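What follows is a set of notes on a single structure, which appears directly below.
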Amino acid sequence: MVSYINKNGKSLGFGVGKDLKAPKEIEYRITDTGGCTDEKRDVNKYKGPGQYVIVNGYIKLNPIKMSTTEIEQLKECGQGLKIIVGFFKEPETVDGIEIQKNTFEPNKGHSCDYATFTVYCNGVPVGISNMNNGIGRLKGRDPKMLMGLKQKNVFYRAPKDGDKVMSNGKKSGYQGFGDTVYSVISVSEEKLEQIAQKSKNGKIDMQIRGTNGSATRNGNKVHGEAPMVCAYTIEKGGKTNTVYGPQEPFGSGKASLNIPIDKVASIGSFDPCVPTEKVDTIG
């Protein structure tokens, strides 16, 4: 058995320790040999009758820690990291990246007030994506009357002078019912340091979780439509390197995120040192 594993170990996925010694005692038993009998065996080839092996043991997996060099490389590649999480009613260009519109079944778009998420990278909170755009849930009230109304856990306000005008014609800070709504989260160097230290494989794992105190439905559930996610870095020279997406991590048209507010959902993993696309930064 030892000889076979040492010879075929790579294909089996494990090996035998050098300190493994031959057993002190060998016990022979008559067993099912698939139709053959011990009495008619080739005794020159099989000296002991009924030969089989029972192995009892434990497997211990020790993850290989990233080296200091690998951590520093991840930090260097991740400089200028930004993450987009949102819903796009129509295609839009952000930092030179063309973001396609979300797909939904049925094609109704996203419109709810239960879509405020904290975004994490390797378990480190990096920002909040507020995707609420469903003022229509307050039936019987004029949406215009609600623009400046303070509602608990619903993050709306009227547009103010100086607000950035988005490419869809809306000013940031207020979105109409069912409109495009997204957040661009910039990851600070301090956060990137923590993210790199917590990486197990040289990658950055993104997750989202309903932000504590935000609005929920059905008791404690957050919205059910899949968002659009994109991660990219902007070099000092002005190049934008896309490292994840843009894509819907839960699949096109699937309502896969109707989860309890206290649960974490994965939205993708990427290696910041392996860009999928490079574009010129706009603006």
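FYI, it's all coordinate maths here, none of it is from the lab. It should be emphasised that the depicted structure is a prediction, and the values quoted were computed from it without experimental measurement. We place every Cβ from the backbone using ideal geometry, glycine too, and count neighbours over all the protein chains shown.
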(request) List every residue whose amide H lies under 5 Å from the amide H of I267, counting only residues 5 or more places away in sequence or on a different chain, with H placed 1.01 Å from N in the peptide plane. (result) M206, Q207, I208
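Using Cβ contacts closer than 10 Å as the measure, can you line up L61, L192 from fewest to most?
Working: L61 4, L192 23.
In increasing order of surrounding Cβ atoms, one gets L61, L192.
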(request) Rounded to whole Hz and in sequence order, give me ³J(HN,Hα) for the range 21-27 from the Karplus expression 6.51 cos²θ - 1.76 cosθ + 1.60, θ = phi - 60°, writing x for Gly and Pro. (result) 10, 5, x, 6, 10, 10, 10
(request) Calculate the spin-label point distance for K101 paired with D42, positioning each point 7 Å from the Cα along the beta-carbon direction, and give it in nanometres. (result) 7.3 nm
(request) Find how much the distance from K60 to Q247 grows on full extension, using 0.36 nm per residue of separation minus their present alpha carbon separation; answer in nm with one decimal. (result) 63.6 nm
(request) Between beta-carbons, use under 15 Å as the cut-off and find the net charge around Q207, counting Lys and Arg +1, Asp and Glu -1. (result) +4
(request) Could you run the Karplus curve 6.51 cos²θ - 1.76 cosθ + 1.60 with θ = phi - 60° over the range 117-124 and give me ³J(HN,Hα) per residue in whole Hz, x for Gly and Pro? (result) 10, 8, 9, 10, 10, 6, x, 9
